[in-house]
Amino acid sequence: MSEYKGAIVTGSSRGIGAVTAQELAAEGLGVVINYRAKAPRANKIVAAIEDKGGKAVAVGADLTTTEGPQALIDAAVENFGTLDVLVLNASGGMETSMGENYALRLNRDAQVAMLEAALPAMSEGGRVVFVTSHQAHFIKQVSTMEAYDQVAQSKRAGEDALREFIPRLAEKNINFVVVSGDMIEGTITATLLNRMEPGAIDARREAAGKLYSVEEFGAEVAKMVFADVETGHTELVGGAGDFLKQAEQ
């Protein structure tokens, strides 16, 4: 069982975040399940964790608001005693109903605000994991499809801003790890992109050799919470051969 006790996984009422949260709960962590609007969906994840003897609590919080991050931190400390692990999984930006600059507000500003708020509460020796995509991680060297460019740019801006925390995190012996994956089969983003650019998923599958499912990728994210890696490490899940090749050109 893990030495960690309390974790927050942002955007964890469905998809990759939900899988990650359930994997962490199976390792003995109490997990804050974060949702923005869909409480029943989050409560279902909590119930699934509790059915297996795990500990979880659902907390509604919009990370783009000033009070959102603190609500998650308070829930972790109150319910589990400590906050040891922060998985920054929430992302988006392809929505058209969330106002101007939503991608940047969510994928950069909200990530920074979440870590800024969490840092004073986090335990010595904890871990922060930022979840991203190869399309975003390599966007400075490798262009992506037009429909995803704004999101990719904003997620890379988020990664860069979070990396600036590494010296401050080191003062508390907290490791920072980036987990990057290719397009994930069955996610909302992949479905939307395939609708906007038919054949996009097939093209990525062919280039990568294999695309991970939500369950497979969520398990990889959870693994990196415990992996013995140096702070600042980027885990390229499934490899990133064609991205690395293009980045070198």
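For the residues 220, 215, the requirement of being outside any loop (DSSP other than H, G, I, E, B), modelled with pLDDT of 95 or more and open to solvent by 60 Å² or more (accessible area, probe 1.4 Å) singles out 215.
Note on region 184-193: residues that are within 15 Å of residue 16 (Cβ to Cβ) and part of a helix (DSSP H, G or I) total 4. Pairs linking a residue in region 215-232 that is closer than 24 Å to residue 185 by Cα to a residue that is among the charged types (D, E, K, R), with Cβ atoms under 6 Å and 6 or more positions apart or on different chains, are 219/23; 222/23; 224/235; 225/127. When residues in region 101-131 are screened for being free of Cβ contacts under 8 Å to residues at least 60 places away in the same chain, among the β-branched types (Val, Ile, Thr) and surrounded by 23 or more Cβ atoms within 10 Å (Cβ to Cβ), 1 of them pass. In the set 194, 173, only one residue is surrounded by fewer than 21 Cβ atoms within 10 Å (Cβ to Cβ) and touching a Gly at 6+ places or on another chain (Cβ under 8 Å); that residue is 173. Within region 167-183, identify whether any single residue is over 22 Å from residue 32 (Cα atoms), part of a loop (DSSP other than H, G, I, E, B), within 15 Å of the chain's Cα centre (by Cα) and not small (Gly, Ala, Ser), and answer yes or no. Within region 167-183, one or more residues are over 22 Å from residue 32 (Cα atoms), part of a loop (DSSP other than H, G, I, E, B), within 15 Å of the chain's Cα centre (by Cα) and not small (Gly, Ala, Ser). For region 29-43, a residue qualifies if it is part of a loop (DSSP other than H, G, I, E, B) and either open to solvent by less than 50 Å² (accessible area, probe 1.4 Å) or closer than 17 Å to residue 109 by Cβ (or both), and the qualifying residues are 29, 36.
The residues of region 11-28 that are under 16 Å from residue 220 (Cα atoms), open to solvent by less than 30 Å² (accessible area, probe 1.4 Å) and in a loop (DSSP other than H, G, I, E, B) amount to a single one, 12. Can you find a residue that is closer than 18 Å to residue 226 by Cα and in contact with a Ser or Thr (Cβ under 9 Å, 6 or more places away or on another chain) anywhere in region 57-73? Taking every residue of region 57-73 in turn, none turns out to be closer than 18 Å to residue 226 by Cα and in contact with a Ser or Thr (Cβ under 9 Å, 6 or more places away or on another chain).
Each residue in region 51-66 was checked for being open to solvent by 40 Å² or more (accessible area, probe 1.4 Å) and either in contact with a Pro (Cβ under 6 Å, 6 or more places away or on another chain) or closer than 14 Å to residue 80 by Cα (or both), and 1 pass.
The values are calculated or read from the model by the stated rules, or taken from the named source; none is laboratory data. Remember, predicted model here, so these are calculated numbers, not experimental data. Backbone-built Cβ (ideal geometry, glycine too); neighbour counts: all protein chains shown. Accessible surface is based on the protein model in full, side chains and every heavy atom, while ligands, DNA and RNA are left aside. Shrake-Rupley method; radii C 1.70, N 1.55, O 1.52, S 1.80 Å.
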